[in-house]
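These notes are about the structure you will find just below.
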Amino acid sequence: MLSSQQHFKAMDFSNGRVIVGKRKEGWALFDKNYKVIIAPGTYNWIDKFWNGFARVTALPEISEEEIKEQLDIYYQNRGKSKPTSYFKTLKECPLDIRKKYVKFGLINEKGEEVIAPIYDSIWNFYEKKYDTFILEKDGQTYKASFLHPTDITVCQLRTHFSDEENDMYYNYYAQDDEWDGEESEFAGTYAHDVAGFSDDEIYDIFDGDPDAYWNID
């Protein structure tokens, strides 16, 4: 029977230079000899590396008053009794509250924070052919390149399109980034588009249910 440490290592993934894995304390980054680069729990989640970068998520600091308000709404909507004592940090809160606040950033293989986790999303770029990536914040989209990731410029591409606007989405990638035209069965889900899980991973890890992604934390 595998020890907990052996089980954790069996679930780790590596690009040959660094290793990303989840421990009891949270997600972590190691070098190829398992020397800690980013301590477990520093980030809420760490993605696979691509072009020298990986997406990360973090939960911001918010006031205890705001947490209490969110918990009031949470329990009221579910018809449940309020707890006698309230959680004091977002990390302690139920998943439905945490996912409202989660923010995305970018790290490099040295463990350096290249883009602070302040964005509502950074679109999945793992194993994609294009050399730029899209960031989203407060309804506005931005664009940056792997060569100059901190040079972030406003991009008019929107995250959701009507049927009449789909061609603009496809043309954007075809002209700028050599979009490969492949369509995922799970396109449009958070697990695929934002968290970056492939169709095979969604089938293997989540039994084909992309919404089960929210249970991995």
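The values are calculated or read from the model by the stated rules, or taken from the named source; none is laboratory data. None of the values given here were measured: they were computed from a predicted structure. Quick reminder, even Gly has a Cβ in these numbers, built from the backbone with ideal geometry, and neighbours come from all protein chains shown.
If you check Asp131, Asp138, which single one turns out to be more than 30 Å from Glu66 (Cα to Cα) and at pLDDT below 95?
Going through Asp131, Asp138 in turn, the sole match is Asp131.
The condition of being surrounded by fewer than 18 Cβ atoms within 10 Å (Cβ to Cβ), assigned by TED's automatic domain parsing to the domain that holds Leu147, of a type outside the set (A, V, I, L, M) and within 28 Å of Phe146 (Cβ to Cβ) holds for only one of Gly26, Gly21, that being Gly26. Can you name the residue in region 57-71 that is among the polar types (S, T, N, Q) and in contact (Cβ under 8 Å) with a residue 12 or more places away in the chain and is also nearest to Glu113 (Cα to Cα) among such residues? So, considering only residues that are among the polar types (S, T, N, Q) and in contact (Cβ under 8 Å) with a residue 12 or more places away in the chain, the one nearest to Glu113 (Cα to Cα) is Thr57.
No other residue among Tyr142, Tyr43 is of a type in the set (Phe, Trp, Tyr) and farther than 25 Å from Asp199 by Cα apart from Tyr142.
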